[in-house]
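Student: Pasting a structure below so you can have a look.
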C-alpha cells in the first residue's frame, strides 16, 4: 500500500496540495500500469468492506436491541472483538515484509503504548455509539453520524496538515447543516424500533460526540503511520488494526464484568425474541461486520488518507436510513429526506475535490514524463 521507491499518489485529502513527487532519474517515471491497478484494486476492496460491513453492522446492532438485547457493554464488545479474523493475514504479510522494515521499526514499548492508547480511546467511542444506537432510530442515528466527515476534516487540518479548499469547506458546512436539521426536528424520529422515550437529545449528543472521537482516532492513525511507523504497508495496517482493537476488546470485557452486565447475559439470551441461536448469530455477525469495516477503513487511511476513509464511511450513511425504512419501518419524513440530500451534496463536493486533485497529479506526471522524453531526445541528438 505504499512503495517508498515509487511515486505516491496522495489523491484524496490533499486539499489541492501537489503530490510529493521525486524527480530524480531513478523515480521520475510514472509507476507501471500494473502497480496503479493494484493500488486501485486494494482501494476498491477496502471501500466494499467499509460500505457493506458498516450497513450490516448498524442494522444488526439495532435488531439486537429490538429483539430483547440490552447489554450496552456487549454491544460495545462486538464492535472490536472480531480481531481473530485478521490473524491469518497478519501472519502471512508478516513473513513477506522486507527485513529492512523490521530493523527500522520504533521501540516495541513505544508502539505498544500507542496501540493501547488508541484501543482505550476506541473502546470509549464504541460505548458512546452503543448508547446512541439504543436511544435513536437507525435512520436518525446514521444521519447524525455523517457529521464525522466534518470533524475529520478539522482534525486532518490541525493534526495531519491537510489543507482546506472551498469545496472541502462546503462539504463540512453542508454535513453540519444536515445533522442540525435532524437535531432541531426531533419529532421526526417515529419508528417501530424499541427506542426509549425522552432519550432523543442524549442520543443526539452521544452520536455527535462519538463521531468526533472516531474522526480523531482516524487522524491519529494516519499520524502514527506518517510520523512513528513511517510506513503504511499492509502489514502495518493490519498490525495497528489488530492490536488497537484487541486493546478495545479487553477494555470492553473489563467493563462488562465491572458493570455486572455479565450476570444478565444468560437471561438475556433465553429471553431473546428470536431464540438463543439467533441471539448468538446476531452478535457473531455483528462482530464480523464491524471487523470488516475496521479493516477497510484502516486500509483506506494507509492507502490514501484519514479524510478519504471518513468520506467513504459517510457514503454508507445514506444507505442506513433506506435499510431502516425497509426492514425496521422507520419514519422517513421530509426533514430526513432533506437532511440526506444535503449530506449527499456535501459528499459530492468532496468527491469533486478528489477528482480535481487526481487530474492535477496526472497532469504533473504527464509533464514530468514529457520533459524526460524531451531531455533524452536532446541528449541523443547532441551525441
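The values are calculated or read from the model by the stated rules, or taken from the named source; none is laboratory data. All figures in this text were calculated on a predicted structure; none of them were measured in a lab. Methodologically, a virtual Cβ is constructed for each residue, glycine included, from the backbone with ideal geometry; neighbour enumeration extends over all protein chains shown.
Student: Looking only at helices (runs of 4 or more DSSP H) that fall completely inside the stretch 120-188, which ones have 3 or more residues that are modelled with pLDDT of 80 or more and either surrounded by fewer than 19 Cβ atoms within 10 Å (Cβ to Cβ) or in contact with a strand residue (DSSP E or B) (Cβ under 8 Å, 6 or more places away or on another chain) (or both)?
Tutor: Result: 148-159, 166-184.
Student: Another one. Check residue 194 against each of (1) surrounded by fewer than 22 Cβ atoms within 10 Å (Cβ to Cβ); (2) in a helix (DSSP H, G or I); (3) at pLDDT below 75 and name the one condition it does not meet.
Tutor: Of the numbered conditions (1) surrounded by fewer than 22 Cβ atoms within 10 Å (Cβ to Cβ); (2) in a helix (DSSP H, G or I); (3) at pLDDT below 75, the odd one out for residue 194 is (2).
Student: Just to be sure, is residue 109 more than 26 Å from residue 347 (Cβ to Cβ), surrounded by fewer than 20 Cβ atoms within 10 Å (Cβ to Cβ) and out of contact with any helix residue (DSSP H, G or I) (no Cβ under 7 Å at 6 or more places or on another chain)?
Tutor: yes
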